[in-house]
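Working notes, structure below.
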Amino acid sequence: MNKIVMIDESLCIGCGQCVEICPKKILFLDLKTSKCKVSDETKCGKAQCCEKICPVKAVKIVK
């Protein structure tokens, strides 16, 4: 399966902006690492809201 939502955890600062804006609510902050994770990327609508709001460009949506 091809990746749809790619998160560079080395860049992620755990701000949660992507989690808040995700229209499908598939993003969450991992409580142990404070990094963004994806619950079910097959539900991604590819709106790219998360990619656009990320201040460190850690989120990429493959079109």
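Read-outs: derived from the displayed coordinates by stated rules, not from any lab. Everything quoted here is computed from the prediction, not taken from an experiment. Glycine gets a Cβ as well: all are built from the backbone with ideal geometry, and neighbour counts include every protein chain shown.
Annotations
- Residue that is surrounded by the fewest Cβ atoms within 10 Å (Cβ to Cβ) [pool: residues in region 27-41 that are among the hydrophobic types (A, V, I, L, M, F, W, C) and part of a strand (DSSP E or B)]: Phe28
- Scan of region 42-59 for residues that are surrounded by 16 or more Cβ atoms within 10 Å (Cβ to Cβ) and either touching a residue at least 40 places away in the same chain (Cβ under 8 Å) or touching a helix residue (DSSP H, G or I) at 6+ places or on another chain (Cβ under 7 Å) (or both), ordered by number: Cys44, Cys49, Cys50, Cys54, Ala58, Val59
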